[in-house]
Amino acid sequence: METLHKIGRRKTAVARVYLTEGEGKITVNKKELNNYFPTGTLQYKVNQPLVLTNNEGNFDINVNVYGGGITGQAEAIRLALSRAMCELDEENRLILKPEGLLTRDPRMVERKKFGQKKARKKFQFSKR
């Protein structure tokens, strides 16, 4: 199997995932997964597509991710991995789709408007 390349996005985070046959090493920005994502929830989010499709330990995964915060980055990696699992085996789609792992989350930060303090917050109004 040659290297499989997929992209995932969430908010402003962009993750590029490179999948090769191996023994289950996950490297994120040249760091080990446990060092890059210290909390268990973020590690679970990244591993979720592999666990659901029973592919933990089958592939070496190299990830380049930039932009956004750590939660957005973890969810971007999850989307890219889900897309890669679907390309490997079309039956994985039936497992991942009901879990919502193949849907790109469209929610973005709303822009700040002029004449206002933030996106929706207004400056304090003084009647007198």
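Hey, could you check the stretch 54-89 for residues that are of a type in the set (Val, Ile, Thr) and not in a strand (DSSP E or B) and say which is surrounded by the fewest Cβ atoms within 10 Å (Cβ to Cβ)? Don't jump to the end; show me each part of the working.
First, pick out the residues of the stretch 54-89 that are of a type in the set (Val, Ile, Thr): 61, 63, 65, 70-71, 77.
Then keep just the ones that are not in a strand (DSSP E or B); that gives 70-71, 77.
On the way: Ile70: 14, Thr71: 16, Ile77: 30.
Top of the filtered list is Ile70.
State which residue is farthest from Pro106 (Cα to Cα) when the search covers only the stretch 12-59 and only residues that are in contact with a Leu (Cβ under 9 Å, 6 or more places away or on another chain) and among the β-branched types (Val, Ile, Thr).
Among residues in the stretch 12-59 that are in contact with a Leu (Cβ under 9 Å, 6 or more places away or on another chain) and among the β-branched types (Val, Ile, Thr), the one farthest from Pro106 (Cα to Cα) is Thr20.
I'm told Tyr36 meets every condition in (1) surrounded by 13 or more Cβ atoms within 10 Å (Cβ to Cβ); (2) within 22 Å of Thr103 (Cα to Cα) except one. Can you identify the failing condition by its number?
Condition (2) is where Tyr36 drops out.
Failed condition for Val51, given (1) surrounded by fewer than 17 Cβ atoms within 10 Å (Cβ to Cβ); (2) part of a loop (DSSP other than H, G, I, E, B); (3) not small (Gly, Ala, Ser), with all others met?
The single condition Val51 does not satisfy is (2).
Test Asp89 against the criterion of being in contact with a Gly (Cβ under 9 Å, 6 or more places away or on another chain) and more than 21 Å from Asp105 (Cα to Cα), and give yes or no.
Values: in contact with a Gly (Cβ under 9 Å, 6 or more places away or on another chain): no; more than 21 Å from Asp105 (Cα to Cα): yes.
Judged against the criteria, Asp89 is not a match.
Taking the stretch 99-118 only, how many residues are closer than 30 Å to Leu50 by Cα and surrounded by 10 or more Cβ atoms within 10 Å (Cβ to Cβ)?
Kept after step one, since they are closer than 30 Å to Leu50 by Cα, are these residues of the stretch 99-118: 99-109.
Those left that are additionally surrounded by 10 or more Cβ atoms within 10 Å (Cβ to Cβ): 99, 101-105.
Total satisfying the criteria: 6.
Out of curiosity, is Lys113 at pLDDT 95 or above and of a type outside the set (Phe, Trp, Tyr)?
Numbers: at pLDDT 95 or above: yes; of a type outside the set (Phe, Trp, Tyr): yes.
Taking the combined requirement at face value, the residue satisfies it.
Here is a check on your reading of the model: is Phe125 over 20 Å from Thr41 (Cα atoms), under 19 Å from the mean Cα position of the chain (by Cα), at pLDDT below 95 and of a type in the set (Phe, Trp, Tyr)?
On the way: over 20 Å from Thr41 (Cα atoms): yes; under 19 Å from the mean Cα position of the chain (by Cα): no; at pLDDT below 95: yes; of a type in the set (Phe, Trp, Tyr): yes.
For Phe125, the condition - over 20 Å from Thr41 (Cα atoms), under 19 Å from the mean Cα position of the chain (by Cα), at pLDDT below 95 and of a type in the set (Phe, Trp, Tyr) - is not met.
Could you list, ordered by first residue, the pairs with Cβ atoms under 8 Å in which the first is in the stretch 87-110 and in contact (Cβ under 8 Å) with a residue 12 or more places away in the chain and closer than 27 Å to Thr20 by Cβ and the second is among the polar types (S, T, N, Q) and in a helix (DSSP H, G or I), at least 6 apart or interchain?
Within 8 Å, the pairs are Leu96/Ser82; Glu99/Gln48; Leu101/Gln48; Leu101/Ser82; Leu102/Ser82.
The values are calculated or read from the model by the stated rules, or taken from the named source; none is laboratory data. Please read all numbers here as calculations on a predicted model, not as lab measurements. Every residue, glycine as well, gets a Cβ built from its backbone with ideal geometry; the counts of neighbours run over all protein chains shown.
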